[in-house]
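Readers should treat all values here as calculations from the given coordinates under stated rules, not as data from a laboratory. This is a predicted model, so every value here is computed, not measured. Cβ atoms come from the backbone with ideal geometry, glycine included; neighbour counts cover every protein chain shown.
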Amino acid sequence: MELIHYLILSMLLFLVGAVGFIIKKNIISVFLCLELMLNAVNLSFIAFSRHLNQVHGQIFVFFVMVVAAAEAAVGLAITIVLYRNRNTLNVDDADTMKW
Amino acid sequence: METIFFYLFGGIALLAAINVVAQKKVFYSAISLIICLCAVAALYLLLESPFIAAVQIIVYAGAIMVLFLFVIMLLDPFSAAILQDKKKYLPYLAAILGGMALALFYPLLKSYNPALTPRNPDAIGGGTASLQQLGQALFSEYLVPFEVTSILILIAIIGVVVLAKRQPQK
C-alpha cells in the first residue's frame with residue numbers, strides 16, 4: 001500500500017475525532033475523541049516511518065503514547081473532581097472560566 | 001494481501017471511530033474505541049512496526065482504556081443531565097467544519113504524485129527498523145527526552161493523587 005492510503009485513513013480518523021470533540025456533551029466522550037485524534041496522528045507517524053525507513057517516527061509515537069497516558073490520568077482525575085464538586089459531566093455546565 | 005488487510009482493518013477502525021461519536025452511551029463509546037485501537041494496532045503490524053503495535057495493545061487498549069472504563073463505571077454517565085443538549089447548533093457547526101476540512105484536502109489529494117515522494121530505499125540496515133534499532137535510537141539519540149518522560153509520568157502520578165484525594169469544599 002502507498003503512503004497516501006494510510007494518510008487518507010489517518011485524516012478521516014482525525015476528522016471523525018475532531019467532529020466528535022465538537023458535538024459531544026459528555027466530558028468523558030470528549031476525552032475519548034481526543035484519544036481518537038492522537039491515534040490518527042500516530043498512524044500517520046508510523047506510515048511516514050516506514051515510507052522513509054527511519055525509526056524516528058516510531059520513537060515519536062512512543063512519546064505520544066506516554067503523553068497520552070499522562071494526559072488521560074490527569075484528565076480523568078479532573079473529571080472525578082468536577083463530578084464531586086458540580087455533580088455533572090456535561091461540558092456546557094463547566095463554564096466558570098469562560099467569563 | 002496487504003491491500004485486503006489494509007481495507008479490512010482500515011474499515012474496522014473507521015467504522016469503530018464513527019461509532020465512538022455516534023453512540024449515545026459513553027460506555028459503548030469506550031468499547032468501540034478499544035476496537036478502533038486494536039484495528040489500528042493491526043495496521044501498525046502491516047506497517048512493519050511490531051513493537052509499536054504491541055505497545056498500542058498493552059498500553060492504549062489495555063491500561064488507558066481500562067482507566068477510562070473504571071472512571072465511567074465510577075461516575076454516573078447515563079444520567080439525564082449529561083445527555084441533555086444545551087447547544088443545538090453544534091452538530092451543524094461540526095458538519096460545516098468537517099466539510100470544509102474535507103474540501104481542503106481535495107486539492108491536496110488531486111495534486112499528489114507518488115513519483116515525487118519515493119520510498120526511501122537506503123536506510124537503517126536497508127529494511128524497516130527492528131526492535132534493536134529502535135532501542136538503540138531510544139537510548140542514545142533520544143536519551144534525554146526518554147528520561148524527561150519519566151519525570152512527566154512522575155508529575156502526572158503526583159498530580160492525580162493530589163487531585164483525587166482532595167476533599168470536596170463545603
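Report, in order of residue number, the helices in chain B meeting two criteria: a C-alpha extent of 20 Å or more along the helix axis, and a mean Kyte-Doolittle hydropathy of at least 0.0; treat each whole DSSP H run as one helix. Those that pass (Cα extent of 20 Å or more, hydropathy at least 0.0) are B:2-22, B:26-46, B:90-110, B:143-165. Label sites at B:Tyr112 and A:Asn85, each approximated as a point 7 angstrom past Cα along Cα to Cβ, lie 4.5 nm apart. From largest to smallest, what semi-axes in whole angstrom does chain A give when each is the square root of 5 times an eigenvalue of its alpha carbon gyration tensor? Calculated on Cα positions only, the semi-axes equal 33, 16, 8 Å. Averaged over the residues of A:71-84, the number of partner chain Cβ atoms lying within 10 Å of the residue Cβ comes to 6. Which of B:Ile72, A:Phe63, B:Ile12 sits closest to the plus end of the dipole of the protein assembly as shown, meaning its Cα is farthest towards the positive end, when Lys and Arg get +1 and Asp and Glu get -1 on the C-beta? Checking the options against the dipole of the protein assembly as shown, the answer is B:Ile72. Semi-axes of the equivalent ellipsoid of region B:129-170 are 37, 9, 5 Å, computed as sqrt(5λ) over the eigenvalues of the C-alpha gyration tensor in descending order. For region B:130-170, backbone nitrogen atoms closer than 13 Å to the point 7 Å from B:Leu74 Cα along Cα-to-C-beta are found at B:160-167. Residue by residue along A:41-50, Cβ atoms of other protein chains within 10 Å of the local Cβ number 5 on average.
Simple spin-label estimate for B:Glu141 and B:Val162 gives 3.6 nm between the two label positions (7 Å along the Cα-to-Cβ direction from each Cα). Simple point charges give the picture: +1 on the Cβ of Lys and Arg, -1 on the Cβ of Asp and Glu, and for region A:3-92 a dipole about the Cα centre of about 140 debye.
Once you've got the GNM for chain B with C-alpha springs shorter than 10 Å, pick whichever of B:Ser130, B:Ser140, B:Ser32 has the biggest mean-square fluctuation. The residue with the greatest mean-square fluctuation here is B:Ser140. Note on B:Ala63 and B:Met1: with the Förster distance fixed at 51 Å, the Cβ-Cβ geometry gives a FRET efficiency of about 0.95. Counting 0.36 nm for each residue step from B:Lys25 to B:Leu90 and taking away their Cα separation leaves a gain of 21.6 nm. Using only side-chain charges placed at the Cβ, +1 for Lys and Arg and -1 for Asp and Glu, the dipole size of the protein assembly as shown relative to its Cα centre rounds to 1020 debye. Each distinct pair of alpha carbons in the protein assembly as shown adds a 1/r term; the inverse of their mean, the Kirkwood radius, is 19.9 Å.
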